[in-house]
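A short worksheet on the structure shown next.
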Amino acid sequence: MGTHNISFGPFVLDRAAGSVQRDGVAVPLGQRAFDLLVALVEADGAAVDKDALMASAWPGLFVEEANLSVQIAALRKALGKAPDGQEWITTVPRVGYRLPRPTRLPDAVPMQRPTVAVLPFTTPPDDREQAYFADGVVEDLITALSRFRTFAVVSRNASFGYRERGLDAAAIAGLGVRYVVEGMVRRRGAQLRVSVRLVETAGATQLWAQQFDGDGAALFDFLDAVVVAVVGFVEPEVRRAEIERARRKQPGSLDAYDLYLRALPLFRGTSAEVRAEAIRLLEESIRLDPGFATALAHAAWAYERQETFGLGATPEERARAVQLAEAALVAGPDDPLVQAISGLVLMALGGQWRRCLAMMGEAVAANPNNATILSLAAFCNVMFGDLEFGRELYLKALQISPGALDNYELLVGVGLADLFRATSPSRWSGHCAASRPMGSGWAHTGRWPPPTPTSSAWTRRAPRWPPSANGRRTSGYRA
């Protein structure tokens, strides 16, 4: 049947990867069970006799028929029941076994992440010192931006090659680069000024620009500050532009990545209808691309937000969230954002507090410039009882990415950390009043709000609740 992936019912069998997924989630199978499944699938709906099946699973070996029965039973258990309540693998008397006729699927199209290029910054002619500094900024920006998995970053050699070839934005766009970061470094006395802008190559549209002034005597400190600030602005601006690009596409032309992008503005909605639409889009995204780790993680998070911001997740939603979180970790083991989101879900709906805190520590270490990762780590530490550290992480996230789409939740987090510490009213609580007046109001008064079903559920699950008055009841992932 060729090299294509094959589907039967909700299952997708990938022979090249040696895996089977059901609704985007890996089905654990032993090697012999997988070989039997491949043999049944390749029969294209016809019955396969027992001798042929045993030859597939135990090539060159003589085995008793009872071994085949054991493996078929294990395979049936792993696949579960069909919608009609029957087994997926049916017994054909005096012959062997058969599967429903499968469907050949086209090879998955790789997710088209946007590509960002950091172009060499310009400097005054014949100023080698500033040229070295400018190249250092570019190299550090490439390194920092490469830690994000939601977009690809052009390598240093390719980026500097664009300069040597004299390519403009239109020419760079023709190479598949959707966004470029450009900059200029100038010196006046002991002061340095770095001007940076983010440009969408299609149409050479400027999306963001900023100037940074610093002391040339503290060159490396200034370089680090510029890199952190630029990364904090670039990531949310690229995300915002990608969301708008997906919004303009025709519904019939949406791929898995576009569906994920369309879900993002709805993802943080407060109404049940908006959250349900976000879940629908994310489920459709992972149906189209079962290995899309970012969409798997966000789908799990969307179900978790039914618990955090809704009337509570159903048992089915809780199980699905945990299932998706585990699948995301398998699909994206090296993605710190996936790790942080999955950690939150496993903590909130799976009760895996220690595992969550360890995952948060690893995610923050892998990408300390991602405001979403910092905010998730902050929330988990606040819930674990380390209010001071959680508050510090919230403030760091705000400092790193002041233009992020979800900053209102960071402001609420700071206000709630102050509330739980039972301190004086937070100066941050006023900033979040417009977006979350209820939470910020309680934070401003310094009094505990009356319990709600959601808050009561959280406090029952939190292992270090209530926290001590000084907010240092326990350590989070620093322990």
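Descriptive notes on the structure:
- Top-ranked residue in the stretch 183-207 [being part of a strand (DSSP E or B) and without any contact (Cβ under 8 Å) to a residue 24 or more places away in the chain; ranked as nearest to ALA117 (Cα to Cα)]: ARG197
- Sole residue being surrounded by 14 or more Cβ atoms within 10 Å (Cβ to Cβ) and not hydroxyl-bearing (Ser, Thr, Tyr), chosen from ALA204, ALA169: ALA169
- When LEU329, LEU311, LEU259 are screened for being closer than 18 Å to THR372 by Cβ and either of a type in the set (A, V, I, L, M) or in contact with a Cys (Cβ under 7 Å, 6 or more places away or on another chain) (or both), only LEU329 passes.
- Looking across ASP224, ASP140, ASP215, one residue alone is under 27 Å from ALA397 (Cα atoms) and out of contact with any helix residue (DSSP H, G or I) (no Cβ under 7 Å at 6 or more places or on another chain). It is ASP224.
- GLY291 being part of a loop (DSSP other than H, G, I, E, B) and buried (at least 20 other Cβ atoms within 10 Å of the Cβ): yes
- Selection status of VAL180, in contact (Cβ under 8 Å) with a residue 60 or more places away in the chain and under 16 Å from THR122 (Cβ atoms): yes
- Test set (1) free of Cβ contacts under 8 Å to residues at least 24 places away in the same chain; (2) more than 29 Å from the chain's Cα centre (by Cα); (3) assigned to a strand (DSSP E or B) - GLN210 fails condition number: (2)
- Residue count, the stretch 294-328 (criterion: aliphatic (A, V, I, L, M) and touching a Gly at 6+ places or on another chain (Cβ under 9 Å)): 9
- Output for the stretch 208-267, where each listed residue is hydroxyl-bearing (Ser, Thr, Tyr) and surrounded by 20 or more Cβ atoms within 10 Å (Cβ to Cβ): TYR257, TYR260
Residue-by-condition table, conditions (1) surrounded by 16 or more Cβ atoms within 10 Å (Cβ to Cβ); (2) small (Gly, Ala, Ser); (3) over 33 Å from the mean Cα position of the chain (by Cα); (4) farther than 22 Å from LEU296 by Cβ:
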site	(1), (2), (3), (4)
VAL12	yes, no, no, no
VAL20	yes, no, no, no
ALA26	yes, yes, no, no
LEU37	yes, no, no, yes
ASP51	no, no, yes, yes
ALA57	yes, yes, yes, yes
VAL63	no, no, yes, yes
LYS77	no, no, no, yes
GLY80	no, yes, no, no
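- Residue within the stretch 287-299 that is more than 24 Å from ALA26 (Cα to Cα) and assigned by TED's automatic domain parsing to the domain that holds GLN352 present: no
- Within the stretch 205-220, the residues that satisfy the criterion of being modelled with pLDDT of 85 or more and not β-branched (Val, Ile, Thr) are GLN206, LEU207, TRP208, ALA209, GLN210, GLN211, PHE212, ASP213, GLY214.
- Considering residues of the stretch 373-417 that are farther than 18 Å from ARG305 by Cβ and acidic (Asp, Glu) only, the residue modelled with the lowest pLDDT: ASP386
The values are calculated or read from the model by the stated rules, or taken from the named source; none is laboratory data. Keep in mind that what you see is a predicted model, and the values were worked out from it rather than measured. Heads up, the Cβs are rebuilt from the backbone with ideal geometry, glycines too, and the neighbour counts pull from every protein chain shown.
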